[in-house]
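Scroll down for the structure; my scribbles are underneath it.
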Amino acid sequence: MAIVVGSRGMGGFSALLLGSVALTLAGQARCPVVVVRDTARPSSGVVVVGVRDEGDLGAVRFAGEMARRRKASLRLLSAWTYIQYVGSMAPMADAARGAVEAKAAASTRVLGSVQAEFPDLEVTEEVVRVPSPAGALVAASLRADLVVSGTRRPAHHVGRSLGRVTHAVLQHAHCPVTVVPRG
């Protein structure tokens, strides 16, 4: 089961902002929430899913099922930020390298799982170093039919809790976005 909701779509600047109903549903629902913008454009045949770690396997499975139903390919996008100004802090380079290797390994494990579950689905994996993971997903939305993102909900958070990346993708994506609760 999923909830489908439209965006505000009132034109002008307000069309860029997502309405409070969509944000509230995406932040609090216990099932996937699909936010659809009024953007009529030809199908790209691609579903993109943001992958941070194995905790996103539910979102990846949902994205795989959507790609299968649409007869589309699935693109796993694992975007990580880099330390732009390391300067004289050379020991941090080893820590950054370790984080990159961990990201790539997690993405590869998720890839293996989705390929086993959807053997007939064309699945690609991309691990990218970017200044903004949200920006990478928004850019990917230009060439996608759907972007899927998992949520991170801290245990002691009150109110909406989407995480910075998911919130930004909901606000700026060029295609429908599905938010899948983790866990």
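Values quoted throughout were computed directly from the atomic coordinates according to the rules given, and no laboratory measurement underlies them. Fair warning: this is a prediction, and the values are worked out from it, not measured in the lab. Reconstructed Cβ throughout: ideal geometry from the backbone, glycine too, with neighbour counts over all protein chains shown.
Once backbone amide H atoms are built at 1.01 Å from N, residue 122 has 74 as its partners under 5 Å, excluding neighbours fewer than 5 places away on the same chain. Amide H to amide H distances under 5 Å link residue 3 with 33, 34, where only residues 5 or more positions off or on other chains count and H is placed in the peptide plane.
Each peptide in 144-151, 131-138 receives the mean, over its residues, of other Cβ atoms within 10 Å, and ordering these scores from highest gives 144-151, 131-138. Each residue of the range 48-54 was assigned a 3J(HN,Hα) from its phi angle through the Karplus expression (A = 6.51, B = -1.76, C = 1.60, θ = phi - 60°), giving 10, 10, x, 10, 9, 6, 4 Hz with x at Gly and Pro. Distance between the modelled labels on residue 132 and residue 40, one decimal in nanometres: 3.0 nm (7 Å Cα→Cβ projection).
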